[in-house]
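Accompanying notes for the structure given below.
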Amino acid sequence: MNFSSKLLEDAVSEFAKLPGVGQKTALRLVLHLLGKEQEEVDTFGNTLIKLRRDIRHCSICHNISDLPVCSICSSPRRDKETICVVEDTRDVMAIENTSQFFGVYHVLGGLISPMDGVGPSDLFIDSLVQRVATTPVKEVVMALSATMEGDTTLFYLYKKLKDFQIPVTTIARGIAFGGELEYADEITLGRSIVTRIPYVSSIVKS
Ligand SMILES: [Zn+2]
């Protein structure tokens, strides 16, 4: 692309770094912003700066939060003894949208993936084990994607938690999670979070 302005070029190249945004879309977005009032663009930019600077992660479940402990972990209405393990914040949002789960979460921050160089120590696995070891827990629900990485992570977690003798369950697999969760429909996800199955039986079957 031949730009008539370095400022324009810089802005387009920043937008083009976003996932799924090519040069053409980036240019369209930048020109759109250029057509807006100064104040509106200031708000747009400042919101991003503030987001990156002020965002926290809940010290208990690692979900994205504005406070040291998130609204779910601090709610007296949530069942703290049922922990749902998910890959990232998007999964928490998808499950919350179903209004069918009343426990709390544990956000791993990814899945074990030797191909991508992600090992157990890169994820919030130790803190999950710590939670199970130090607080009363009656069930750990694994809501991880039905991919090789999801399976590897699930099996690793199961081994880690086995000695605590706490029921480990999974939601019905085949639910699109993680990057694809926006396509998972709420009713299906809601149903599978309610009718979860013990993890052991799913090993025996496969
Ligand atoms: Zn939390």
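Only the coordinates and a few stated rules stand behind these numbers; no lab work does. Quantities reported herein were computed from a predicted structural model and do not represent experimental measurements. Quick reminder, even Gly has a Cβ in these numbers, built from the backbone with ideal geometry, and neighbours come from all protein chains shown.
In the stretch 1-87, which GluC sites (Glu not before Pro) are in a loop and have at most 12 other Cβ atoms within 10 Å, using DSSP for the loop call?
Counting only loop positions with at most 12 other Cβ atoms within 10 Å, the GluC sites (Glu not before Pro) in the stretch 1-87 are GLU37.
Enumerate the lysines that LYS17 could reach by cross-link, defined here as Cα to Cα under 19 Å, with residues fewer than 8 away along the same chain left out.
Of all the lysines, those that pass the test against LYS17 - Cα under 19 Å, at least 8 places apart if same chain - are LYS6.
Across the chain, where is the longest run that never hits chymotrypsin sites (Phe, Trp or Tyr not before Pro) in a DSSP loop with at most 13 other C-beta atoms within 10 Å?
Details: sites that count: PHE3, PHE102.
So the longest stretch without any such site is 103-206.
Mind telling me which of THR195, THR134, THR169 comes out most flexible in a GNM of the chain, alpha-carbon contacts under 10 Å?
THR134
To make sure I understand, if each residue's beta carbon is the centre and we count other beta carbons within 10 Å, what order do HIS62, HIS32, HIS57, HIS106 fall in, fewest to most?
Details: HIS62 22, HIS32 9, HIS57 16, HIS106 25.
Fewest-to-most ranking of HIS62, HIS32, HIS57, HIS106: HIS32, HIS57, HIS62, HIS106.
Which whole-number percent of Cα pairs in the stretch 64-138 have a distance greater than 20 Å? Before the final figure, lay out each step's value.
Details: 949 of 2775 pairs.
That tail contains 34 percent of the Cα-Cα pairs.
When DSSP beta bridges are limited to those with both residues in the stretch 25-132, what percentage is antiparallel, rounded to the nearest 5?
Working: 3 of 8 bridges.
Antiparallel: roughly 40 percent of the beta bridges in the stretch 25-132.
With the Cα gyration tensor of the stretch 6-54 giving a ≥ b ≥ c as the square roots of its eigenvalues, does the rule (a/c under 1.5 for rounded; else a/b larger than b/c for prolate; else oblate) give rounded, prolate or oblate?
Oblate shape, in that a/c is at least 1.5 and b/c is the bigger or equal ratio.
Taking the chain as a Gaussian network, Cα atoms linked when under 10 Å apart, which of ASP122, ASP91, ASP42 shows the biggest mean-square fluctuation?
Comparing ASP122, ASP91, ASP42 in the GNM, the peak value goes to ASP42.
Based on DSSP, what percent of beta bridges with both residues in the chain are antiparallel, to the nearest 5?
On the way: 5 of 17 bridges.
Here the antiparallel bridges make up roughly 30 percent for the chain.
Could you tell me which trypsin sites (Lys or Arg not before Pro) in the stretch 1-70 are loop residues by DSSP with no more than 13 other beta carbons within 10 angstrom of their beta carbon? Don't skip to the answer; put the middle values down first.
Numbers: sites: LYS6, LYS17, LYS24, ARG28, LYS36, LYS50, ARG52, ARG53, ARG56; in loops: LYS17, LYS36.
Of the trypsin sites (Lys or Arg not before Pro), the ones in loops of the stretch 1-70 whose Cβ has at most 13 other Cβ atoms within 10 Å are LYS17, LYS36.
Would you count, across the stretch 28-173, every pair of lysines whose alpha carbons are under 28 angstrom apart, provided the pair is eight or more residues apart or spans two chains? If you can, show how the numbers build up before the last one.
Working: LYS36/LYS50; LYS80/LYS138; LYS80/LYS159; LYS80/LYS160; LYS80/LYS162; LYS138/LYS159; LYS138/LYS160; LYS138/LYS162.
Lysine pair count for the stretch 28-173: 8.
With an 8 Å cut-off on Cα pairs and a minimum separation of 6 or more residues, tell me the relative contact order of the chain in percent. Spell out each step's value before the answer.
Numbers: 269 pairs, mean separation 32.5, N = 206.
For the chain, the relative contact order is 16 percent.
Given the options VAL104, VAL69, VAL194, state which has the largest fluctuation in a GNM of the chain using a 10 Å cut-off (strictly under) for Cα springs.
Result: VAL194 has the largest fluctuation of those listed.
Quick one: check the C-alpha center-to-center distance for the stretch 1-69 versus the stretch 85-160, whole angstrom.
When both Cα centres are located, 29 Å separates them.
What shape does the stretch 60-205 take by its C-alpha gyration tensor, where a ≥ b ≥ c are the square roots of the eigenvalues and a/c under 1.5 counts as rounded, a/b above b/c as prolate, and the rest as oblate? Walk me through the numbers on the way to the answer.
Details: a/c = 1.17, a/b = 1.06, b/c = 1.11.
Taking the square roots of the gyration eigenvalues as a ≥ b ≥ c, the stretch 60-205 is rounded.
Go ahead and estimate [θ] at 222 nm for the chain from helices alone: -39,500 (n - 2.57) per DSSP H run with n ≥ 4, summed, over the residue count, rounded to 500.
Numbers: 8 runs with 88 residues, N = 206.
Per the formula, -13000 deg cm²/dmol.
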